[in-house]
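Okay, so here's the structure we're looking at.
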Amino acid sequence: MKITHLVFPVFIILNIVFSSITHAMDASITELNTCKTKPKHATCYQALLPETTGSHQAVSIDIQYWQATGERLNPYPIVWLAGGPGTTNLDPPMPEWVWEHFDVLAIGYRGIDGKPRLDCPSLREQFKKEGKNSNDDFLSTTSIKRLSEKVEDCQQHWESSGINTQAYGVYEVVEDIDNVRKLLGFEKINLLSVSYGTRVAWYFDQLKPGIIDRSLIMSGNPDGGFFFNPIYTQLQLKTLEKLCHQNNYCNRKLPNLTETILTVLTNLPEKAWGVHLDADQIRLVTFMMLYSRNSMPMVIDAYSKASDGNYSGLVAMQKFPNPFAEKEMVWGTFLSAGSIDLGAVESFSQQLQISASNTTINAPLSELLYGGITNGWKARDYQPLTSRITDTPTLIVASEIDVATPIERIEKFWMPYISNGALITVEGAGHAQDFMFAGGPELDNHMMQFLQTGLATTDQSFGMEFEFEPSLSLSWITYGFWGLVAGISIGLVVAAIMFL
């Protein structure tokens, strides 16, 4: 046989072999024998899904499914979408009425709730070091450079392991949800989303029209929302200041809230209570404590005392456990998902430089992330989503003061695209976790009726007044610590004398 006669058969065989190796993997799901959840009556699954569309590389994702314990008010399950990014989407903290009247489906976030888990332990350790570094401010150029290098190392580690680190963002999470929906045989789903999860919910609605039965959104995060805009932060602080003026206790403690905070931060002493004071760390913790109605009064109390020369509250804020070094935070996934807003990073950086001189605390979290540690992450080039007007029944729940997802942004960048829905405000609430506390049973009933009927209205008021007197003063943490140190020291001295 001539050699040319062999070419075609060999080509066919090689093509078949090559195709079998590179063939895109099929999504699959397996029910697990063991299932540890809260509540305990769930069925657990593990899904194997393509890393990217058409990819032969797989990711595994853990899934939890609960059936309603009482009368089911909607035939389709509620898919829970937690905040973050970078934290788990499992074991959703649902109120009791959800468990009773609705099936619940928690689909783990890729890169966190399954394998691979894009953790960055060296970055976590560097955060700890920077938090204790008394030579450089937390957001200084040198500190940011060291953190950025750890970010770069983390991405290189995962890329060298064969992981496409750019495939763990919002678009892929949307595909994961839809794949699991199909595998479990659900024609439609409901979405209950919070903060970062609301961005996933919005992209799902835009990219998968007709699949969502109802979308309940808490603390909506529209495009660009991962950048904490200092202009909106200042608006929130001014609103808090107005509420403070209307409250006798708060007005007595901190009558000029924004001015006092700025003055205190500008004139911090080098040390207080034996601790080097870092304005950057204090600004960061201040911003994050403004998320909740429970911690806002503590912030006001701390700055009120500091304005009188007592920095014990600010010391406690700075010595809080560093949230950026917590093991629950999966930084690789955070950076992959959060990079969706990096397209405008140059304008963000310019805005931060301008707003540093005309806002109270600027935007410390944006300073850390945008134009900060994300310099070490090579992100894919996201194209902005061209939003369409949606007729999906949508209820957006916002709050009076929310520095993370301000209502002004929702009104401007989200509501114009909602043709079948409503925006309601919860008074006396901060970020999403506050709604269940401040909204009360009236808000619970309103949300339950929406999920049942799809009707969203704004004809009710929800919430309660802020309680400005703190249940715990941060100063007592500092007093308690130094009291303990003094007690131990005295005890050691007494013991030494006794044994002389």
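A few remarks follow.
- Gly131 being not in a helix (DSSP H, G or I) and not polar (S, T, N, Q): no
- Any hit, the stretch 151-160, residues being touching a Lys or Arg at 6+ places or on another chain (Cβ under 7 Å) and either crowded, with 19+ Cβ neighbours inside 10 Å or within 17 Å of Thr43 (Cα to Cα) (or both): yes
- Extreme residue, farthest from Lys40 (Cα to Cα), among residues of the stretch 88-106 that are crowded, with 19+ Cβ neighbours inside 10 Å and among the β-branched types (Val, Ile, Thr): Val98
- Complete set of residues in the stretch 329-354 that are surrounded by fewer than 18 Cβ atoms within 10 Å (Cβ to Cβ) and of a type in the set (Ser, Thr, Tyr): Ser347, Ser349
- Scope the stretch 395-411; condition in contact (Cβ under 8 Å) with a residue 40 or more places away in the chain and either of a type outside the set (Val, Ile, Thr) or surrounded by fewer than 17 Cβ atoms within 10 Å (Cβ to Cβ) (or both); matching residues: Leu395, Ala398, Ser399, Glu400, Asp402, Ala404, Pro406, Glu408, Arg409
- Leu262 being hydrophobic (A, V, I, L, M, F, W, C), open to solvent by 20 Å² or more (accessible area, probe 1.4 Å) and part of a loop (DSSP other than H, G, I, E, B): no
- The single residue among Tyr109, Tyr168 that is within 21 Å of Thr43 (Cβ to Cβ) and in a loop (DSSP other than H, G, I, E, B) turns out to be Tyr109.
Every residue, every condition in (1) more than 27 Å from Ser366 (Cβ to Cβ); (2) β-branched (Val, Ile, Thr); (3) surrounded by fewer than 21 Cβ atoms within 10 Å (Cβ to Cβ), yes or no:
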{"position": "Gly108", "(1), (2), (3)": "yes, no, no"}
{"position": "Ile112", "(1), (2), (3)": "no, yes, no"}
{"position": "Leu118", "(1), (2), (3)": "no, no, no"}
{"position": "Ser122", "(1), (2), (3)": "no, no, yes"}
{"position": "Gln126", "(1), (2), (3)": "no, no, no"}
{"position": "Gly162", "(1), (2), (3)": "yes, no, yes"}
{"position": "Gly169", "(1), (2), (3)": "no, no, no"}
{"position": "Asn179", "(1), (2), (3)": "yes, no, yes"}
{"position": "Phe186", "(1), (2), (3)": "yes, no, yes"}
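- Scan of the stretch 418-454 for residues that are in contact (Cβ under 8 Å) with a residue 60 or more places away in the chain, touching a helix residue (DSSP H, G or I) at 6+ places or on another chain (Cβ under 7 Å), open to solvent by 30 Å² or more (accessible area, probe 1.4 Å) and not charged (D, E, K, R), ordered by number: Met448
- Checked against the criterion of being small (Gly, Ala, Ser) and either modelled with pLDDT of 95 or more or in a strand (DSSP E or B) (or both), the candidates Ala68, Ala24 yield just one match: Ala68.
- Of all residues in the stretch 229-258 being open to solvent by less than 30 Å² (accessible area, probe 1.4 Å) and part of a loop (DSSP other than H, G, I, E, B), the one that is farthest from Lys305 (Cα to Cα): Asn229
- Applying the criterion of being within 30 Å of Asp103 (Cα to Cα) and among the small types (Gly, Ala, Ser) to the residues of the stretch 448-498, the residue that is modelled with the highest pLDDT is Gly454.
- Within the stretch 279-299, residues that are over 15 Å from Pro323 (Cβ atoms) and among the charged types (D, E, K, R) sit with their Cβ atoms under 8 Å from residues that are assigned to a helix (DSSP H, G or I) and open to solvent by 10 Å² or more (accessible area, probe 1.4 Å), at 6+ positions apart or across chains, in these pairs: Arg293/Phe437.
- Any chance Ser366 is closer than 29 Å to Lys208 by Cβ, open to solvent by less than 10 Å² (accessible area, probe 1.4 Å), modelled with pLDDT under 95 and not in a loop (DSSP other than H, G, I, E, B): no
The values are calculated or read from the model by the stated rules, or taken from the named source; none is laboratory data. All figures in this text were calculated on a predicted structure; none of them were measured in a lab. As a convention, Cβ positions derive from the backbone with ideal geometry for all residues, glycine included, and neighbour counts pool all protein chains shown. These area figures cover heavy atoms from the full protein model, side chains too; ligands, DNA and RNA do not enter into them. Shrake-Rupley method; radii C 1.70, N 1.55, O 1.52, S 1.80 Å.
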